[in-house]
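First up is the structure itself, then whatever we jot down about it.
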Amino acid sequence: MKNYLFFYPCLLLGAAGCNLPAKSPAAATAKDPASKGTYAYDVDFLKKHTTKVIELTSEDSSAKVLLSADYQGRVMTSTALGDTGISFGWLNYALIAAPEKKKQFNPVGGEERFWMGPEGGQYSLYFKGGDSFNIAHWQVPSFIDTEMYDVTQASKSMAVFSKKAIIKNYSGTSFDIAIERTVSLLSKDQLAQKLKVSIPADINFVGFETSNKVTNTGSTNWTKDNGLLSIWLLGMFTPSLETTVIIPFHPIDNAQSFITNNYFGDIPKERLQVTDSVLYFTCDGKLRSKIGLSPLIAKPIAASFDFKNNVLTVIIPQVNKEAAYVNSKWEMQAQPYKGDVINSYNDGPLADGTQMGPFYEVESSSPALELTTGATGEYKQTTCHFQGSYITLQQLAKQLLGVDLNTIKK
């Protein structure tokens, strides 16, 4: 349909020439478009460029979570200060607005998306059998990239999404699966209970929990010999020169041997600092790098702090040190079930100079799903953001992470 522009005399003469009242400042403000970087901007953008968005909203409308059925029931973004507050999730505006989807991977963003592992190895879901493990052959399955999910339930505080799919791994094993993903907005009391701390009165916050279920709907049991799947949750956030990922871990003997730091090559020491019980990882979107923690040392917590905007982000995964975890390294693996439970990725330029983001990720995975026919595996994770005075956030970080933010600042 063509767009037509009509000119009327009163528009040419101005409001006074037609004896119309001048627009009040309040009215002008109400009609002004939302500023980029705010939650309202992202809501308007996604409503314009996608077909099904759902908002979860607290009673006072300060905490909000934006979900997308177009993008597999992912949490696209959230805010702790209502429509005008910072939008915490990273969004790829150009890609979302593009008329065509990419064939290999559509990094549209979102602060928690549902994926499945393993990524690399002989049981990979992202490489075809016989292909080399490099970026040219890497392919994200469509059911976690481009396919829309069904909305089976929705309210102000929760939404449920579902999808059925069939996927084949590198070794040729086929999996019939049914996915159910529930996203719930958490109240202050619920979040405090999960974190096991009191949330200070002068802190603004938003928190949500996802429950992710995968059911084996096929006619054969899933076994280690043929490859197992895992539930993999990834959060994409906006990087800055002042953002650090903080991951505490158990200070066991030789703990650093249970940290993988060479997924995409060695990481310079100034970007990854590891003490006896805490890992600090620079996430500025400048160097493609990734780290991972074994369940043998991981604690059920990971975080980041944005000193530019005074935002503390906390992720609460589930960790089972007795369980097997799929290995996602891009190689044929001697130990395919000695993988990570917590990961963090810092985006950066590829060899050809192109870049997916920039963004950074905090990720977690379920144990390997050894499911009999008809059985269901479930994995839960909580994500929350806190904004407020630096001193209050410093105290909260000390309680949750056992670290002093001033140490990172220096």
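The values are calculated or read from the model by the stated rules, or taken from the named source; none is laboratory data. Since we're looking at a predicted model, the values are computed, not measured. All Cβ positions, glycine included, derive from the backbone under ideal geometry; neighbour counts span all protein chains shown. Just so you know, the surface numbers come from the protein's heavy atoms only, side chains and all, with ligands and any DNA or RNA stripped out. Shrake-Rupley method; radii C 1.70, N 1.55, O 1.52, S 1.80 Å.
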Next item on the list: Look at segment 318-359 and say how many of its residues are within 20 Å of residue 299 (Cβ to Cβ), outside any loop (DSSP other than H, G, I, E, B) and open to solvent by less than 30 Å² (accessible area, probe 1.4 Å).
Entry: 5
Check: Of the residues in segment 48-62, how many are in contact (Cβ under 8 Å) with a residue 12 or more places away in the chain and part of a loop (DSSP other than H, G, I, E, B)?
Finding: 6
Item checked: Selection from segment 360-378 of residues that are surrounded by fewer than 20 Cβ atoms within 10 Å (Cβ to Cβ) and assigned to a strand (DSSP E or B) -> 376, 378
Note to self: Give me the residue from segment 379-408 that is open to solvent by 10 Å² or more (accessible area, probe 1.4 Å) and in contact with an Asp or Glu (Cβ under 9 Å, 6 or more places away or on another chain) and, out of that set, nearest to residue 341 (Cα to Cα).
What the structure shows: 380
Note to self: Quick check on segment 173-184. Is at least one of its residues assigned to a loop (DSSP other than H, G, I, E, B) and of a type outside the set (Val, Ile, Thr)?
What the structure shows: no
Item checked: Considering residues of segment 104-159 that are among the basic types (Lys, Arg) and surrounded by fewer than 23 Cβ atoms within 10 Å (Cβ to Cβ) only, the residue farthest from residue 367 (Cα to Cα) -> 156
Item checked: Selected residue (criterion: most open to solvent (accessible area, probe 1.4 Å)) from residues of segment 197-241 that are assigned to a loop (DSSP other than H, G, I, E, B), within 30 Å of residue 109 (Cα to Cα) and among the small types (Gly, Ala, Ser) -> 240
Notebook entry, point to check: When you go through 366, 294 one by one, which is the residue that is of a type in the set (Gly, Ala, Ser) and within 20 Å of residue 140 (Cβ to Cβ)?
Noted result: 366
Margin query: Looking at segment 242-249, can you tell me whether even one residue there is of a type outside the set (Lys, Arg), open to solvent by less than 60 Å² (accessible area, probe 1.4 Å) and part of a loop (DSSP other than H, G, I, E, B)?
Written below: no
